[in-house]
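One structure is given here, and the rest of the page talks about it.
The values are calculated or read from the model by the stated rules, or taken from the named source; none is laboratory data. Just so we're clear, the structure is a prediction, and the values are computed from it rather than from any experiment. Heads up, the Cβs are rebuilt from the backbone with ideal geometry, glycines too, and the neighbour counts pull from every protein chain shown.
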Amino acid sequence: MTAPSPDPEGTFIANKFTVRRYRQAVVARYRDQIAEAIRLRFTERYIEPATTCHAHGFTLMAISCLMLEALESFRRGWKKSSNQSEKLFVEFLDREPDFAAFRGRGAEFYADVRGAILHQAETTHGWRILRSGPLFDGSRTINAAAFIRELERALNTYCEGLKRAPWGSEP
């Protein structure tokens, strides 16, 4: 692990990828490098810590909720999601094909899973978190291990789309 840099441009946004290198990639319009930096940042900060040990389902869901909100904020180009978090969850869960089982349940998920885990260390209204079974049983049971795997798939799809998108386009 490298020591923190006193130079903000030397700050690592991902392993071996500094702010300086990111800015250079933007100037040079190296979409592949930018997409890879984003993929690495999310993988190193969310996916790997959650999946390299036998984390409890609640831990996986807390990490997943942080990642989902951050990833959706990146997708929209938002610097912060204050007072818009529920909207991010609803639209992400309604849009992403691998989360189709949650369509129409985003507001409920946001309140009873995301909000309850992050603010009260529990789920509410009968929601359950397991580490086995289907991603979502259609009622109120979530497989946290499957959820984070699907988030990783959504991250990879997003990054691949960034690599192909014309420079200056919305993505």
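Condition check ((1) part of a helix (DSSP H, G or I); (2) touching a residue at least 60 places away in the same chain (Cβ under 8 Å); (3) on the phi < 0 side of the Ramachandran plot) across all residues:
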residue: LEU88; (1), (2), (3): yes, no, yes
residue: ALA154; (1), (2), (3): yes, yes, yes
residue: LEU162; (1), (2), (3): yes, yes, yes
residue: PRO166; (1), (2), (3): no, no, yes
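Residue by residue, here is whether (1) at positive phi; (2) not hydrophobic (A, V, I, L, M, F, W, C) holds:
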| residue | (1), (2) |
| --- | --- |
| GLY77 | yes, yes |
| ASN83 | yes, yes |
| LEU118 | no, no |
| ARG140 | no, yes |
| GLU170 | no, yes |
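For the range 1-25, the candidate set comprises residues that are under 23 Å from the mean Cα position of the chain (by Cα) and loosely packed, with under 13 Cβ neighbours inside 10 Å; within that set, the residue that is modelled with the lowest pLDDT is LYS16.
Mind checking which residues of the range 41-56 are buried (at least 18 other Cβ atoms within 10 Å of the Cβ) and in contact with a strand residue (DSSP E or B) (Cβ under 7 Å, 6 or more places away or on another chain)? The one that is buried (at least 18 other Cβ atoms within 10 Å of the Cβ) and in contact with a strand residue (DSSP E or B) (Cβ under 7 Å, 6 or more places away or on another chain): ARG41. Put simply, of ALA111, ALA144 the only residue that is out of contact with any helix residue (DSSP H, G or I) (no Cβ under 7 Å at 6 or more places or on another chain), farther than 30 Å from ALA28 by Cβ and at pLDDT 95 or above is ALA111.
Quick test for you: out of SER85, SER139, pick the one residue that is crowded, with 16+ Cβ neighbours inside 10 Å and modelled with pLDDT under 95. So the residue among SER85, SER139 that is crowded, with 16+ Cβ neighbours inside 10 Å and modelled with pLDDT under 95 is SER85.
Residue count for the range 18-40 satisfying the condition of being in contact with a strand residue (DSSP E or B) (Cβ under 7 Å, 6 or more places away or on another chain) and closer than 30 Å to ARG131 by Cα: 2. For the range 114-136, a residue qualifies if it is surrounded by 17 or more Cβ atoms within 10 Å (Cβ to Cβ) and either touching a Lys or Arg at 6+ places or on another chain (Cβ under 6 Å) or over 17 Å from ASN83 (Cα atoms) (or both), and the qualifying residues are ILE117, THR123, TRP127, ILE129, LEU135, PHE136.
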